[in-house]
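Engineer: Okay, handing you the structure first.
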């Protein structure tokens, strides 16, 4: 039985050059969040999810919550791979 990763990639890049109000800060980080399911689409809590920056090798390991969800916050811009592992299942991977 394999793991399936449904990930939402959100890049937060705020640049309000000609805004009428003063701009005090810019966000240059992003978030990758998603849900891990099995072949039957059942959500899987307790899955080890690794989010890795392909260019730098920097990795962050998370564990899915009771709804199978995970969220990696404050990621530097770049290309990421996401893998999920749980004993008894094939590893799932997305780029």
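FYI, it's all coordinate maths here, none of it is from the lab. All of these numbers come straight from a predicted model, not from anything done at the bench. Neighbour counts are summed over all protein chains in view; Cβ atoms, including those assigned to glycine, are modelled from backbone coordinates with ideal geometry.
Engineer: Assuming R0 = 35 Å, can you tell me the calculated FRET efficiency for the pair residue 40 and residue 79, based on Cβ-Cβ distance, to the nearest 0.05?
Structural biologist: 0.70
Engineer: Also: Report the residues of segment 27-51 in range of a label on residue 66: point 7 Å along Cα→C-beta, backbone N strictly under 14 Å from it.
Structural biologist: Taking a point 7 Å out along Cα→Cβ of residue 66, the residues of segment 27-51 whose backbone N falls under 14 Å are 44-46.
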